[in-house]
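Trainee: First, the structure itself, so that you have it in front of you.
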Amino acid sequence: MVTAAQEGDLISCLRDDGGAVVFDVRVTPRASASRLEGFSGGVLRVRVNAPPVDGKANRALLKYLGDVLTVPVNRLSILRGESSREKTVRVEGLQAVVAAQRIRQALKK
């Protein structure tokens, strides 16, 4: 369930950017399963089950976010932070309001 504080973080996290949505992510690799952890300080927290080796965690992140947002993975890209836990992700052809709805639904599961 998304709390009122998390809802505010969700809204501040997602930004419309010329036909795309852009948001900041904090990734934790080597999790037992890929999942959304919620929001904190305007950052979406995601755990991925891949190690941070040879871009595996980045690919796992994009694939998982594509599944959550129901968009093809080729519409997602990492703008900043490819070698960091803190990343900025861009999703082409998706509005922030739609992304927020889909993330809310994923957090309820």
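Trainee: Taking SER32 as meeting all but one of (1) out of contact with any Phe, Trp or Tyr (no Cβ under 9 Å at 6 or more places or on another chain); (2) modelled with pLDDT of 95 or more; (3) surrounded by 14 or more Cβ atoms within 10 Å (Cβ to Cβ); (4) not hydrophobic (A, V, I, L, M, F, W, C), write down the number of the exception.
Mentor: Failing condition for SER32: (3).
Trainee: Going by the structure shown, is SER77 among the small types (Gly, Ala, Ser), modelled with pLDDT of 95 or more and surrounded by 13 or more Cβ atoms within 10 Å (Cβ to Cβ)? Walk me through it before giving the result.
Mentor: Details: among the small types (Gly, Ala, Ser): yes; modelled with pLDDT of 95 or more: yes; surrounded by 13 or more Cβ atoms within 10 Å (Cβ to Cβ): yes.
It is true that SER77 is among the small types (Gly, Ala, Ser), modelled with pLDDT of 95 or more and surrounded by 13 or more Cβ atoms within 10 Å (Cβ to Cβ).
Trainee: Mind listing just one residue for me: the one in segment 73-106 that is among the acidic types (Asp, Glu) and assigned to a strand (DSSP E or B) and, of those, farthest from the chain's Cα centre (by Cα)? Quick ask: steps written out before the conclusion?
Mentor: From segment 73-106, those among the acidic types (Asp, Glu) are 82, 86, 92; that's our starting set.
Narrowing further to those that are assigned to a strand (DSSP E or B): 86, 92.
Working: GLU86: 11, GLU92: 13 Å.
Among those that are among the acidic types (Asp, Glu) and assigned to a strand (DSSP E or B), it is GLU92.
Trainee: So GLY38 ticks every box in (1) at pLDDT below 95; (2) surrounded by fewer than 16 Cβ atoms within 10 Å (Cβ to Cβ) but one. Which box is left unticked?
Mentor: Condition not satisfied by GLY38: (2).
Trainee: A follow-up question, please. Does segment 6-18 include one or more residues that are part of a helix (DSSP H, G or I), under 12 Å from the mean Cα position of the chain (by Cα) and either surrounded by 13 or more Cβ atoms within 10 Å (Cβ to Cβ) or not β-branched (Val, Ile, Thr) (or both)?
Mentor: Start the filter on segment 6-18 by keeping residues that are part of a helix (DSSP H, G or I), which leaves 6-13.
Filter again for under 12 Å from the mean Cα position of the chain (by Cα), leaving 10, 13.
Add one more test, that the residue is either surrounded by 13 or more Cβ atoms within 10 Å (Cβ to Cβ) or not β-branched (Val, Ile, Thr) (or both), and what stays is 10, 13.
Yes.
Trainee: Looking at (1) surrounded by 13 or more Cβ atoms within 10 Å (Cβ to Cβ); (2) at pLDDT below 95; (3) under 19 Å from LYS109 (Cβ atoms), which one does MET1 not meet, given that it meets all the others?
Mentor: That leaves (1) as the condition not met.
Trainee: When segment 4-29 is examined, which residues are found to be at pLDDT below 95 and small (Gly, Ala, Ser)?
Mentor: Hits for segment 4-29 are ALA4, ALA5, GLY8, SER12, GLY18, GLY19.
The values are calculated or read from the model by the stated rules, or taken from the named source; none is laboratory data. Bear in mind the structure is a predicted one, so any value in this text is a computation, not a measurement. For neighbour counting, all protein chains shown are included, and Cβ atoms are generated from backbone atoms with ideal geometry for every residue, glycine included.
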